[in-house]
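J.: Have a look at the structure that comes next, please.
Just so you know, all these numbers are worked out from the coordinates, no wet-lab data involved. This structure is a prediction, so every number in the text was calculated from the model and none was measured. Cβ: placed from backbone, ideal geometry, glycine included. Neighbour counts: every protein chain shown.
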Amino acid sequence: MLNNVFITYRYDGDEFDNRLAPSLRDLKTKCVSVNSKTESKYISDKIAVGIETARSNNLIDHNTVVVLCNPNIYVLDQLCVEKLEYIFTTQHNVGVVGIAGVKKLNSQKNMYDPDNNPVNGVFVDTQHKKFSDVGYYTNVVGVDDTFIAIRGKFILNNNIAFKNINTGIGINIAFDAIKAGYDVVCADIDISIPQHNYVHSTSIDYLVNEYELTYPVSYSNIGISVDVEL
C-alpha cells in the first residue's frame, strides 16, 4: 500500500473549508495547506513550501503519492486514493497523473481558451484505455493545475524546479517528469471543479523557453535526457 498526502495553497476567499477539507476527511487522507499569508505572490512558491513542509515532517517517501491541488475542488470519487495507488503500483513508468491535460501544445499555447473551453484537451470519456477499472490517457505533455498526483520517488530524486508562475504548474511538472524518464497520464478520477484554470499564453511561452523547446510541443520532442531506475 502507498502512502498519500494532499498539498494545497490557501488564499483569501477560497472555499477550502467547504469543499476540499470535508472531501479529504471522507477519504481519511493527510493534507498540508499552505497559509495564505505566505510571503510570495506565486502559487508555485506556495506549493514548493508545501512540499518542503511535507518532506520535513516525513510525509513523503518513495512510496508516497503526493497530490497538488486547488483548494476549491471537491473530491467526489470515493475510490480516488485506490485508483491512484493502482496506477502507481502497476504502471511503474508513470510519474505524474492528472485529471485533464494536453497531448500537444501548439501555437495557440493555451490549455483553455478565454471562454473556458479546452484547446487540444484530453478529458475522460469512453474512449480511454483501461487498466483494471481505471481508465487513462498516455503521452500527455501537460496536466491541468487543479489536480496533479506525483510519485514520491520522482519528487525526492529530482528536486522539481518550480518556476515563478501562477498558472502552467501542471505543464512545469510534466516537462520535468518526461525529461526525467517518466510518463505523464490523465486518469478518470471524479473531481468537482468550480472552474478550470485558464493558462495564459505568457506562462506557457515562459516554460517552453526555459526548457529550450519549440512549438508544437509533444511527447516526442520534449525528449528523455536522463536515464532513471523506475
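J.: What order, most packed first, do the peptides 47-57, 137-147 have when packing is the mean number of other Cβ atoms within 10 Å of each residue? Don't jump to the answer; show the numbers that get you there.
T.: Details: 47-57: 17.3, 137-147: 23.5.
Packing proxy ranking, top to bottom: 137-147, 47-57.
J.: Turning to a different aspect of this structure: Ranked from highest to lowest mean number of other Cβ atoms within 10 Å per residue, what is the order of the peptides 9-18, 184-193? Intermediate results must be reported in sequence, preceding the final value.
T.: Details: 9-18: 14.1, 184-193: 21.0.
Packing order, densest peptide first, comes out as 184-193, 9-18.
J.: Rounded to two decimals, what is Rg over Rh for segment 1-96 when you use alpha-carbon atoms and the Kirkwood radius? Walk me through the intermediate numbers first.
T.: Numbers: Rg = 13.6 Å, Rh = 14.0 Å.
Taking Rh as the inverse mean 1/r over Cα pairs, Rg/Rh reads 0.97.
J.: At 7 Å along Cα-to-Cβ for each site, give me the label-to-label distance between SER220 and GLU15 in nm.
T.: 4.1 nm
J.: Determine, from the Cβ-Cβ distance of LEU76 and SER56 and an R0 of 30 Å, the FRET efficiency 1/(1 + (r/R0)^6), rounded to the nearest 0.05.
T.: Working: r = 31 Å, r/R0 = 1.05.
E(calc), rounded to 0.05, equals 0.45.
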